[in-house]
Amino acid sequence: MTSRTSPATIDAAIAELKALLGPRATDAMTVREHHSHGESYHPPAAPDVVCFPSTAEEVVEIVRISARFQLPIVPFGAGTSLEGHVNAIRGGISLDLREMNHVTRVSVEDLDATVEAGVTRLQLNKALQNTGLTFPVDPGADATIGGMAATRASGTTAVRYGTMRENVLGLTVVLADGSTIATGTRARKSAAGYDLTRLFVGSEGTLGVITDVTVRLHPLPEAVSAATCAFDSMQGAVETVIATIQLGIPVARIELLDDVQMDATGMPS
């Protein structure tokens, strides 16, 4: 499926974006192709132009240009999506946020941190070294925090620490008209107004562009151990997991590998 916008309109929009960003706005085919897909099986779909903003103010201007020329806009993080989120099926602007990669605040006392949307999971945890804290949500890939919030990422640690829904305290979001809103609060006890943070977490870029995220941090465990358990039946494995959680055993990760997955890894099932 191609863009419904006329070529002349696209060219005019690209000219404005290049005037705003210089070489950080490009319609080079190699860059567009790179931003046409994530890691899913879905057919690639290239945007008309790729923008690399470095500030929230630049995101605002890009979104305003998008609105004025009626071009679709697709936020792009690390491109690790398995569901086709970043494929530009109607062309438009791919908004690559990886240059917005600063950890702007870490509050050890309050157990939270604020990062720009392009900061990756591993980058954040590197910044937390020597603090005794960690950001535990682990979808497997080194995804951006903004992308993880937009897709409500989870992973194997969700059994103890929850998903991004439980670990995002607040967001700054640029809406479709270029206006900016801040959602949520760092306060642990608050019941003021609508819970807009939960609305944007998992919205997959359909409601706005996330430019920064305030996340909850957790203490590092003093010790970590791992075990592999074999079961004669799926029911036995499931019942063991249920009993483990009911007994309050502090398990950080529980991963189920059935016979198909074991065969795929090359391990004997």
0 to 90° range, to nearest 10: angle between helix 7-21 axis and the chain longest Cα axis = 70 degrees
Under the Karplus relation 6.51 cos²θ - 1.76 cosθ + 1.60, θ = phi - 60°, what is the ordered set of whole-Hz ³J(HN,Hα) values for region 85-90, x standing for Gly and Pro?
-> 4, 8, 5, 8, 5, 10
What is the calculated FRET efficiency for Arg165 to Ser6, with r their C-beta to C-beta distance and R₀ = 35 Å, to the nearest 0.05?
-> 0.30
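Would you mind classifying region 136-177 by shape? Square roots of the alpha carbon gyration tensor eigenvalues, ordered a ≥ b ≥ c; an a/c under 1.5 is rounded, otherwise it is prolate if a/b is larger than b/c and oblate if not.
Prolate, because a/c is 1.5 or more and a/b exceeds b/c.
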Compute the distance in nm between two label points, each set 7 Å from the Cα along the Cα-to-Cβ direction, one at Ala243 and one at Thr30.
-> 5.8 nm
Determine, at each q value in 0.22, 0.23, 0.26, 0.27 (inverse angstroms), the log₁₀ of I(q)/I(0) that the Debye formula gives when each Cα of region 44-104 is one equal point scatterer.
-> -0.89, -0.95, -1.12, -1.17
Dividing the helical contributions, -39500 (n - 2.57) per DSSP H run of n ≥ 4, by the residues of the chain yields a 222 nm value, nearest 500 deg cm²/dmol, of -8000 deg cm²/dmol
Note the angle between two axes, namely the Cα long axis of helix 234-246 and the longest principal axis of the Cα atoms of the chain, as a number of degrees from 0 to 90, rounded to the nearest 10.
-> 90 degrees
Can you grab the distance from the C-alpha centre of region 78-112 to the C-alpha centre of region 1-71, Å, no decimals?
-> 16 Å
How much of the accessible area of the chain, probe 1.4 Å, is carbon plus sulfur, in whole percent?
-> 56 percent
Region 1-131 -> Rg/Rh from Cα coords, Kirkwood Rh, value 1.04
Per q in 0.13, 0.15, 0.17, 0.21 1/Å, what log10 I(q)/I(0) does a Debye calculation on the alpha-carbon atoms of region 139-262 return?
-> -0.68, -0.83, -0.95, -1.19
Semi-axes a, b, c in Å (a largest) for the chain, each sqrt of 5 times a Cα gyration tensor eigenvalue, come to 37, 24, 15
Could you tell me which of Ala187, Leu169, Val159 has its Cα farthest along the dipole of region 147-195 towards the positive end, charges placed at Cβ (Lys, Arg +1; Asp, Glu -1), taken about the Cα centre?
-> Val159
Over the Cα atoms of region 64-177, Rg to Rh with Kirkwood Rh, two decimal places?
-> 1.00
Rel. contact order, % - alpha carbon contacts under 8 angstrom, at least six apart, the chain = 16 percent
State in Å² the accessible area per residue of the chain; use a 1.4 Å probe, count heavy atoms of protein chains only, and round to the nearest integer.
-> 54 Å²
Based on the mean of other beta carbon atoms within 10 Å per residue, what is the order of 230-237, 96-103, most packed first?
-> 96-103, 230-237
Work out how much length Ala19 to Glu83 would gain on full extension: take 0.36 nm times their residue separation and subtract the Cα-Cα distance, in nm to one decimal.
-> 19.7 nm
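The values are calculated or read from the model by the stated rules, or taken from the named source; none is laboratory data. No experiment lies behind these values; they were computed from the predicted model shown. Heads up, the Cβs are rebuilt from the backbone with ideal geometry, glycines too, and the neighbour counts pull from every protein chain shown. The accessibility values were calculated without ligands, DNA or RNA, using every heavy atom of the protein model including side chains. Shrake-Rupley method; radii C 1.70, N 1.55, O 1.52, S 1.80 Å.
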